[in-house]
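Read the structure below first, then the notes.
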Amino acid sequence: MALFDLDGTLLDSAPDFVATLNRMLGEHGESPMPIEALRPHVSKGARAMLAAGFPRLDVATRDAMIPAFLEVYQQELARHGGPFEDIEPLLEAIEGAGCRWGIVTNKPEYLAVQLLPLLGWQRRCAVLVGGDTLPVRKPHPQPLLHAASQLGLGAEDCVYVGDDERDILAARAARMPSIAALWGYRLAEDDPTTWQADVSAARPQALLDPAAWPKAR
C-alpha cells in the first residue's frame, strides 16, 4: 500500500498558493511575491507561507490571517497547479499492479476532500487523512497509523512518500517504510540526507520501478 503526502509530493500546488498569497498581498498594498520565492515554503503550511509573504508582521497578526488565507485558497483550488509530471503514470502503475494508494496530508481535511474531484482522484484514493482528521498531525505518527488501520493494514504493510522532514519523521515513528520525494518543496537549508528515509527518489518516474520501493519491515 502506497501512502503519499499531498502538497509537494503528489501535487504541485505552489501556483495555487502564490495566487492566494498575492491576492492577500494586493489587499494589503504589498507587491506580489514570485512563485520561486514562495515555492520552498509550501510544504511547511499556511503559517510558513504567510511568514514568507508578510515578514514584517508579528506572529500573532499573521496567525490571525490564516482563516482568510484558507478562504482565498479554497477559491483557487486546482485553478493553477496540478499533479507533478509523471505522478499520473505512477498512480496508474500502482493501480495496474492491483495495489491501492492513499493520502496523508497536513492540509485541512475539508480542503483535501474538495480537491480530489478536481483532480479526478475521488474514486481512486483509497484513504484520505487530513491535518485535522485527528487531534494530532505529522510529524506525529498517528495519521499514518490511522490511514493504515482504515485499510485493515499494519504500518509495515505500507510505504509513505513525502517531501518534507516531518513526513519522514512521522513514518519512522510509525515504523513505516519511507521514501523522500526529492522533487518536492524544500528550503535551502533542508538536507534530505539527514532525514533517514529508507529510500530517496529524485523524480516520480524513478518509482515506476518496483525495485525502487523499500521492502516492508
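The values are calculated or read from the model by the stated rules, or taken from the named source; none is laboratory data. Quick caveat: nothing in here was measured; it's all calculated off a predicted structure. Every residue, glycine among them, receives a Cβ derived from its backbone with ideal geometry; neighbour counts consider all protein chains shown. The accessibility values were calculated without ligands, DNA or RNA, using every heavy atom of the protein model including side chains. Shrake-Rupley method; radii C 1.70, N 1.55, O 1.52, S 1.80 Å.
Scanning region 77-99 for residues that are in contact with a Phe, Trp or Tyr (Cβ under 8 Å, 6 or more places away or on another chain) and assigned to a helix (DSSP H, G or I) yields a count of 3. When region 61-74 is limited to residues that are more than 18 Å from Tyr110 (Cα to Cα) and open to solvent by less than 70 Å² (accessible area, probe 1.4 Å), the one that is farthest from the chain's Cα centre (by Cα) turns out to be Thr61. Tell me, yes or no, whether region 166-182 has at least one residue that is among the hydrophobic types (A, V, I, L, M, F, W, C), under 22 Å from Tyr110 (Cα atoms) and open to solvent by 40 Å² or more (accessible area, probe 1.4 Å). Among the residues of region 166-182, not one is among the hydrophobic types (A, V, I, L, M, F, W, C), under 22 Å from Tyr110 (Cα atoms) and open to solvent by 40 Å² or more (accessible area, probe 1.4 Å), which makes the answer no. If you go through region 106-131 one residue at a time, how many are more than 18 Å from Met1 (Cα to Cα) and exposed (fewer than 15 other Cβ atoms within 10 Å of the Cβ)? Qualifying residue count for the region: 6. Within region 15-45, which residues are surrounded by fewer than 24 Cβ atoms within 10 Å (Cβ to Cβ), within 30 Å of Met176 (Cα to Cα) and among the small types (Gly, Ala, Ser)? If the condition is that a residue be surrounded by fewer than 24 Cβ atoms within 10 Å (Cβ to Cβ), within 30 Å of Met176 (Cα to Cα) and among the small types (Gly, Ala, Ser), then Gly45 is the only one that fits.
Using the structure shown, decide if Tyr160 is open to solvent by 20 Å² or more (accessible area, probe 1.4 Å) and under 22 Å from Ala48 (Cβ atoms). Quick ask: steps written out before the conclusion?
Details: open to solvent by 20 Å² or more (accessible area, probe 1.4 Å): no; under 22 Å from Ala48 (Cβ atoms): yes.
So Tyr160 does not fit the description; no.
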